[in-house]
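**Student:** There's a structure below that I have some questions on.
The values are calculated or read from the model by the stated rules, or taken from the named source; none is laboratory data. In this text the structure is predicted, and so the values were computed from the model without any measurement. Here the Cβ positions follow ideal geometry from the backbone for every residue, glycine too, while neighbour counts run over all protein chains shown.
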Amino acid sequence: MKFGLIRRSPSGVLGWDPFEEINRTQERLNQLFYHVMPGEEWSGENTLSPLMDIKEEDDRIIVTTDVPGVDKKDVEIGIRDDVLEISAKCSQESEVEKEGYVRHERTYNRFSRAVTLPSIVTEEGAKAKLEDGVLTVTLPKAQIEEKKKIMIE
C-alpha cells in the first residue's frame, strides 16, 4: 500500500489522484474498524447506511427511514442516551427455471445507522411502524425538570 500524494509511472510523474486517495483512506478505515471490533460483524461494503428524516415537534421526535425489502422481525431499534440506533437484515432468494438452464440467486443486505437526536427522548411511549419499506419511529421527548434556584443567605 502506497501513501503519499504523487504516483510514478513509466513515463514520469503523474499528478495526485483524489479518488485513489479516498479509496486508500476507506481501506484504512475499514481495517481500523475491523481491529477495533474484531468480534463484531463488520463489513463496510455490505452495510447500507440509509438516509433519515428527523422531524422535531413540541413533544416528540419523528424519524423516518427507508429499509426496502426488510421484514419487521429483522429490524432492531435502540436508544442510548440521545442516540437512536437502527439496524436491519434483509435476504432474498429467487430461482428461475427455463429451458436449458436454472438460475438461483441470493442477495443479502444489511442496514445500519446511528444518529444523535436533537433532544433527549424516553423509550416509554415510543412507537415504530414499518409500512411499504418505510420505517417510522416516534419518540416522546423526555420531561426535563426546571432548574431550581438556590438562594444565597
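**Student:** Kindly indicate the residue of segment 117-153 that is among the β-branched types (V, I, T) and outside any strand (DSSP E or B) and also farthest from the chain's Cα centre (by Cα) among those meeting that condition.
**Tutor:** Result: I152.
**Student:** Oh, and also: Against the condition out of contact with any helix residue (DSSP H, G or I) (no Cβ under 7 Å at 6 or more places or on another chain), at pLDDT 85 or above and not small (G, A, S), how does D82 come out, does it pass?
**Tutor:** no
**Student:** From the list V102, V134, which one is modelled with pLDDT of 85 or more and in contact with a strand residue (DSSP E or B) (Cβ under 8 Å, 6 or more places away or on another chain)?
**Tutor:** Exactly one of V102, V134 is modelled with pLDDT of 85 or more and in contact with a strand residue (DSSP E or B) (Cβ under 8 Å, 6 or more places away or on another chain), namely V134.
**Student:** Next up: Just one of the numbered conditions (1) of a type outside the set (S, T, Y); (2) at pLDDT below 80; (3) farther than 25 Å from E57 by Cα is not true of F111; which one?
**Tutor:** (2)
**Student:** Of the residues that make up segment 90-100, is at least one farther than 14 Å from I54 by Cβ and in contact with a Gly (Cβ under 7 Å, 6 or more places away or on another chain)?
**Tutor:** The answer is yes; a qualifying residue exists.
**Student:** Looking only at strands (runs of 3 or more DSSP E) that fall completely inside segment 1-74, which ones have 2 or more residues that are at pLDDT 85 or above and surrounded by 10 or more Cβ atoms within 10 Å (Cβ to Cβ)?
**Tutor:** Answer list for segment 1-74: 52-56, 60-66.
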